[in-house]
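Undergrad: My questions all concern the structure below.
The values are calculated or read from the model by the stated rules, or taken from the named source; none is laboratory data. Computed from a prediction, not measured in an experiment: that's the story for all the values here. Here the Cβ is made from the backbone with ideal geometry for all residues, glycine too, and neighbour counts use every protein chain on show. SASA here: full protein model, heavy atoms, side chains in, ligands and nucleic acids out. Shrake-Rupley method; radii C 1.70, N 1.55, O 1.52, S 1.80 Å.
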Amino acid sequence: MNKSMLSLSLASILGALSMGAQAADHASLLKQVEPKVIEWRRDIHQNPELGNREVRTAAKVAKHLKALGMEVETGIAYTGVVGMLKGAKPGPTVMLRADMDALPVTEKNDLPFKSTKTTNYRGVDVGIMHACGHDTHVAMLMGAAEVLAGMRDELAGNVMFVFQPAEEGAPEGEEGGAELMLKEGIFKKYQPDVAFGLHITSKLNVGQLGYRSGPTMASADRFEISVKGEQTHGSTPWAGADPIAAAAQIVSGVNHIVSRQINITKEPAIVSFGKIAGGVRNNIIPEEVNMVGTIRNFDMDNRAQIFEKLTHTAEHIAQASGNTAEVKIIEGYPVTVNDPALTEQMLPTLEKVFGAQGMIEMPKVTGAEDFSFYAMEVPGLFVFLGGTPKGTDPKDAASNHSPYFIADESAFKLGTRALTEFTLDYMQQANQ
């Protein structure tokens, strides 16, 4: 064996030993932090806060990150927190994200740490509950922060911890969430190379991990249509212009957009009406009818086409019967797209945590996520963590946003580990 071959062999051996030591180190750290993650989650669950109002949660997060020796910025997008962990060696900046907001839902679980918080939401007295599992996301990312901070001297790169407000949407009249954090410059300032996120779900059992490459979660947009006619007696409809009849035709016409005018072999799309309101009496044709609905799809070009065709359809159907239609489209979250190359790169990492038997390739999800904004800026990967106890059929489990939603605490160690392994493996591969 010549000198160069010997040097290469020694380097390989030393590298393997170093990796083995690193794995042992973070396995120990993960075990130590597990009970803390459960404790943090219970505290946050018992003290939920709505979007852009996560003051207590943000303070808890910031205090923890500062105690770990990180650079911490607070007050981003109202209550957002960013912690920057700088590794001892040069390398990429990995972003890990958790959302902090709860929902206006009254909890019906009988837990020792159940939420009894209440608020007035849009004029209605309601409870506040972490019915979507964001409390678990915060706790798991706090756990991953502690583990990775404990490995600072071994990190070949930096970690950007993003604790985001208002994923469920900002209060009326306010901006919020990922879009506002980006607008306020967090990516320009910290310049992440890649973004990772996860969401706990009752649709999978503990020990399972759902993933998908490419378009994964739908865009979510709202539309409002105001159909205006001419009020008249119900016995003489020809004496006015009937917005109710026009509205009915608009519903039919809009439903033809997806079925007849959009290439849904490219990606599926949905347009649904959720409310139609107009009139006060059986024999009075009203002056106006108001309609609202949602648009979901998995392709940004199709999305733009739907916007255009919905407006065209409503306006022209109304015009054909002597009415007018005003269409307003309120853009929400874009399509959440998992970068195909990054997904492929990280599948071995996920399999290391969940095993081949725990890896579930998910169908597309018509729900939406504002992680999509981050993934439009840098390569992103967003995965789903099983939260229903083993032995329970996920079909029988309360869904996310239910007052009975609950996450099995044994899942948290897997989520914490997944966030940690994402970071370590990506850094290692980027530095090879």
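Undergrad: Exactly one condition in (1) touching a strand residue (DSSP E or B) at 6+ places or on another chain (Cβ under 9 Å); (2) within 22 Å of SER399 (Cα to Cα) is false for LEU148; which is it?
TA: All conditions are met except number (2).
Undergrad: Residues that are within 24 Å of LEU85 (Cβ to Cβ), in contact (Cβ under 8 Å) with a residue 12 or more places away in the chain and out of contact with any helix residue (DSSP H, G or I) (no Cβ under 9 Å at 6 or more places or on another chain): does the range 156-168 have at least one?
TA: No, every residue in the range 156-168 fails to be within 24 Å of LEU85 (Cβ to Cβ), in contact (Cβ under 8 Å) with a residue 12 or more places away in the chain and out of contact with any helix residue (DSSP H, G or I) (no Cβ under 9 Å at 6 or more places or on another chain).
Undergrad: Turning to a different aspect of this structure: Sort through ALA131, ALA166, ALA195, ALA139 and tell me the only one that's part of a helix (DSSP H, G or I) and open to solvent by less than 20 Å² (accessible area, probe 1.4 Å).
TA: Exactly one residue qualifies, and that residue is ALA139.
Conditions tested, residue by residue: (1) in contact with a Pro (Cβ under 9 Å, 6 or more places away or on another chain); (2) closer than 22 Å to THR311 by Cβ; (3) at pLDDT 95 or above; (4) not β-branched (Val, Ile, Thr).
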site	(1), (2), (3), (4)
ASP193	yes, no, yes, yes
LEU204	yes, no, yes, yes
ASP221	no, yes, yes, yes
VAL227	yes, yes, yes, no
SER235	no, no, yes, yes
GLY240	no, no, yes, yes
VAL251	no, yes, yes, no
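Undergrad: Just give me the residues in the range 85-126 being part of a strand (DSSP E or B), open to solvent by 70 Å² or more (accessible area, probe 1.4 Å) and basic (Lys, Arg), in sequence order.
TA: Result: LYS86, LYS89.
Undergrad: Ok, one more. If we keep just the residues of the range 50-65 that are open to solvent by 20 Å² or more (accessible area, probe 1.4 Å) and touching an Asp or Glu at 6+ places or on another chain (Cβ under 7 Å), which is farthest from LEU141 (Cα to Cα)?
TA: So the residue we want is LEU50.
Undergrad: Do you know which residues across the range 200-213 are open to solvent by 10 Å² or more (accessible area, probe 1.4 Å) and closer than 17 Å to ASP339 by Cβ?
TA: Scanning the range 200-213 gives TYR211, ARG212, SER213.
Undergrad: Hey, another quick one. Have a look at THR366, THR392 and point out the one that is under 19 Å from the mean Cα position of the chain (by Cα) and either over 30 Å from LEU182 (Cβ atoms) or open to solvent by 30 Å² or more (accessible area, probe 1.4 Å) (or both).
TA: THR366
Undergrad: Do you know which residues across the range 142-154 are of a type outside the set (D, E, K, R) and either under 24 Å from the mean Cα position of the chain (by Cα) or exposed (fewer than 15 other Cβ atoms within 10 Å of the Cβ) (or both)?
TA: Those that are of a type outside the set (D, E, K, R) and either under 24 Å from the mean Cα position of the chain (by Cα) or exposed (fewer than 15 other Cβ atoms within 10 Å of the Cβ) (or both): MET142, GLY143, ALA144, ALA145, VAL147, LEU148.
Undergrad: Tell me which residues, restricted to the range 317-365, are among the polar types (S, T, N, Q) and closer than 27 Å to PHE273 by Cβ.
TA: Residues satisfying the conditions are GLN319, SER321, ASN323, THR324, THR336.
Undergrad: Another one. Can you tell me how many residues in the range 205-232 are touching a residue at least 60 places away in the same chain (Cβ under 8 Å), assigned to a strand (DSSP E or B) and farther than 26 Å from ILE295 by Cα?
TA: Counting residues in the range 205-232 that are touching a residue at least 60 places away in the same chain (Cβ under 8 Å), assigned to a strand (DSSP E or B) and farther than 26 Å from ILE295 by Cα gives 3.
Undergrad: Let me ask something else about it. Residue check, VAL37 against (1) closer than 30 Å to ALA156 by Cα; (2) part of a helix (DSSP H, G or I); (3) open to solvent by 10 Å² or more (accessible area, probe 1.4 Å), all met but one. Which one?
TA: That leaves (3) as the condition not met.
Undergrad: If you don't mind, another one. Among the residues of the range 300-351, how many are of a type in the set (Lys, Arg) and exposed (fewer than 13 other Cβ atoms within 10 Å of the Cβ)?
TA: Going through the range 300-351 one residue at a time, the tally reaches 1.
Undergrad: I'm trying to understand the selection: among the residues of the range 265-291, which are touching a residue at least 24 places away in the same chain (Cβ under 8 Å), open to solvent by 50 Å² or more (accessible area, probe 1.4 Å) and among the aliphatic types (A, V, I, L, M)?
TA: ILE270, ILE276, ILE284
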